[in-house]
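Here it is, the structure, as structure tokens.
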Amino acid sequence: MAQRIDVKDLDVYYGSFRAVADVSMMIEPRSVTALIGPSGCGKSTFLRTLNRMHEVIPGARVEGTVTMDGVDLYGSDVDPVAVRRQIGMVFQRPNPFPTMSIAENVLAGVRLNNRRISKADAETLVEQSLQGANLWKEVKDRLDRPGSSLSGGQQQRLCIARAIAVKPQVLLMDEPASALDPISTLAIEDLIAELKNDYTIVIVTHNMQQAARVSDRTAFFNIAGTGEPGRLIEMDDTRTMFSTPSVQATEDYISGRFG
Amino acid sequence: MTTEPTTPAAPAPAVRRASTRDRAGRIFAGLSTGAGALILIVLAAVAGFLLLEAWPALTAGAEELTSISWIPDDGSLLTYVGPLIFGTLVAAVLALLLAVPVAIGIALFISHYAPRRLSSALGYVVDLLAAIPSVVYGLWGGLVLAPLVQPVWQWLSETLGWIPLFEGPAATPARVMMTVGVVLAVMILPIITAVSREVFLQTPRLHEEAALALGATRWEMVRMAVIPFGRSGVISASMLGLGRALGETMAVLMILSPGLTYSLALLLAGRQQTIAANIALQFPEASPLGVSALIATGLALFVITLAVNMLARWVVARRADFSGAN
């Protein structure tokens, strides 16, 4: 269920502005890769190119290749919709559909792929996914309540349940805990540690301790100045990155000297 | 992320200015409360006027009422107003059925499909429809549209004539309820479109992206995030349109060949009439008691409109938990 993603010479443009330049990296299956770096360094932009979500913004495009399972995600015959069904995404702010109940939220993606799901299958899937997101115990008695009735941390776990219900290969997380309190953050981090048994996870975070706690590998992005593109400075095992990084800028950033 | 913190004002002037600001706040609160109260007063005044003026007819005996030429022989106001209420509802519902799907389609096209330049031009054209006076719609409906749609109605009655709605033979000229419905639909299209468009545009980007990230196509995204989010707004928009259709006078008066029956046949002439058009038609030659009877029908229209709006509120409020407003 988990796939390796291979990024080669990736440039990301918004119109004529090059936001991210020249990124090559290998994202290992069944592991957590953290993307860190100062604001505006292009890490979120880069994350969104992995499931072609950046294309939602008019004028955005990429050069280079992103290969998963031997398929170039930017190949001319590849439908971005199909890519997004394989590579799920969790956003910075929890975004359950407010017009749907908790159960409907979990099933939202499945309903897109496969309209005719039997009632029993749907119930099983809801339970599985919510259990996978460590939310089942808290919501099992109110599955028909609106998703927006939950707390922020619960909503974010609901979004994770919704993302894993379609059984993707990869899960992208864009600062999934930055809008949450410490307790909810802990719940999400614990969940990430469990999810990596089944999924390839890429997480963008501003929280250095979080990157150190949850990730196996860490990539540091930086930006030379305003108007310059963001670049991948270095990528290594998280332990190495946080103890003996090979680039001075990485050490400066991690030790809090800038950013 | 990069917002500059606003520079805090120097403390001394801020304190000194507090009293004038407080007064401005009180004036504004007074003005807005006054405006809110005014609408209630106007509403009460209209209701009072209608009741007062309708009172002679409401209390008149059957013999008195039969003296009015157009009151039915049993001299009952109820037998008279019944078909009118029915006709009004048929016209308005028909217009709504025709207009709402088109309006939602246009609104979605403008908000989520059209390129930016085209969408603003299209929005402007739709708004222009609202600027045309209803008497022009009436002329256009009677002189241009009616002959134009007659063959279509003919075909409808021939192929679907077994449905009571389309009972034939279709009247020539097509001064029938169906034509009225089409004209009313065009008239209420701008308001429904404009309000729906605004609501659809306000769909949070987060929800749209949530749908897209699940692998939704653009249409699926619209169905999953945009339409449910805009649902209550579309209902409100439809009610605004319905209100206009219920009260529309000129266009109906100039197109419809009137009749006072409980008939659902949309393609036959002389079957239905609406309250507003009937008032305009009978008013010039009505006796004082006749005027009072007509105002009584106006009271019925007032009550219907109120009831329809309350029904819409109830529909919207019923699923308030799921509205996305929380």
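Where the centroid of each part is defined by its Cα atoms, how far is segment A:185-236 from segment B:231-289 in Å?
Taking the Cα centre of segment B:231-289 as reference, the centre of segment A:185-236 is 65 Å away.
Quick one: if you take sqrt(5λ) for each eigenvalue of the C-alpha gyration tensor of segment A:104-200, what semi-axes come out, biggest first, whole angstrom?
Its equivalent ellipsoid spans semi-axes of 21, 16, 11 Å.
So how tilted is helix A:152-165 from the main axis of chain A? Cα-based, degrees 0 to 90, rounded to 10.
In chain A, helix A:152-165 runs at an angle near 90 degrees to the longest axis.
Report, in debye and to the nearest 20, how large the dipole of the protein assembly as shown comes out about its Cα centre when Lys and Arg carry +1 and Asp and Glu carry -1 on their Cβ.
I would put it at about 640 debye.
Cα to Cα, under 22 Å, and not fewer than 8 places away if on the same chain: which lysines meet these conditions relative to residue A:137?
In chain and number order, the partners are A:119, A:167, A:196.
Which percent of the accessible area of segment A:20-143 is formed by carbon and sulfur heavy atoms (probe 1.4 angstrom)?
46
Report the dimensions of segment A:1-79 along its three principal axes from the alpha-carbon atoms, largest first, rounded to Å.
For segment A:1-79, the Cα spread along each principal axis is 35, 33, 20 Å.
Could I get the Rg over Rh figure for segment B:60-214? Both from C-alpha atoms, Rh via Kirkwood, rounded to two places.
With Rh from the inverse mean 1/r over Cα pairs, Rg/Rh is 1.13.
Continuing with the same structure: Normalised by the residues of segment B:239-308, what does the relative contact order come to in percent, with Cα pairs under 8 Å and at least six apart?
29
Can you tell me the accessible area per residue over chain B, all protein chains present, probe 1.4 angstrom, in square angstrom?
So chain B comes to 53 Å² accessible per residue, rounded to a whole number.
On to the next question. Which three lengths, in whole Å and largest first, does the protein assembly as shown cover when its Cα atoms are put on their principal axes?
Dimensions of the protein assembly as shown along the principal axes of its Cα atoms: 105, 73, 50 Å.
In terms of the Cα gyration tensor, with a ≥ b ≥ c the square roots of its eigenvalues, is segment B:249-320 rounded because a/c is under 1.5, prolate because a/b exceeds b/c, or oblate?
oblate
Give me log10 I(q)/I(0) at q = 0.07, 0.12, 0.13 Å⁻¹ for chain A, Debye formula, one equal scatterer per alpha-carbon, no solvent.
-0.24, -0.71, -0.83
Take segment B:60-322, drop everything but the C-alpha atoms, weight them equally and run the Debye formula without solvent; then report log10 I(q)/I(0) at 0.07, 0.10, 0.13 Å⁻¹ to two decimals.
For segment B:60-322, the Cα-only Debye profile gives -0.31, -0.59, -0.91.
Round to the nearest 10 and give me the degree value, 0 to 90, for the angle of helix B:146-160's Cα axis relative to the longest principal axis of chain B.
The angle comes out near 80 degrees.
Give the lysines whose C-alpha is closer than 21 Å to that of residue A:8, dropping any in the same chain fewer than 8 places away, or say none.
A:43
Where nothing but the Cβ of Lys and Arg (+1) and of Asp and Glu (-1) is charged, how large is the charge dipole of segment A:196-259 around its Cα centre, in debye to the nearest 20?
Here the size comes out at about 140 debye.
Over segment B:60-322, with every protein chain in place, what whole percent of the accessible area is carbon and sulfur at 1.4 Å, could you tell me?
Using a 1.4 Å probe with all protein chains present, segment B:60-322 comes out at 69 percent carbon and sulfur.
Over chain B, calculate the relative contact order: mean separation of alpha carbon pairs under 8 Å at least 6 apart, over the residue count, as a percent.
Value for chain B: 26 percent.
Normalised by the number of residues in chain A, what is the relative contact order in percent for Cα pairs under 8 Å and 6+ residues apart?
Here the relative contact order equals 28 percent.
The values are calculated or read from the model by the stated rules, or taken from the named source; none is laboratory data. None of these values were measured; they are calculated from a predicted model. As a convention, Cβ positions derive from the backbone with ideal geometry for all residues, glycine included, and neighbour counts pool all protein chains shown. Accessible surface is based on the protein model in full, side chains and every heavy atom, while ligands, DNA and RNA are left aside. Shrake-Rupley method; radii C 1.70, N 1.55, O 1.52, S 1.80 Å.
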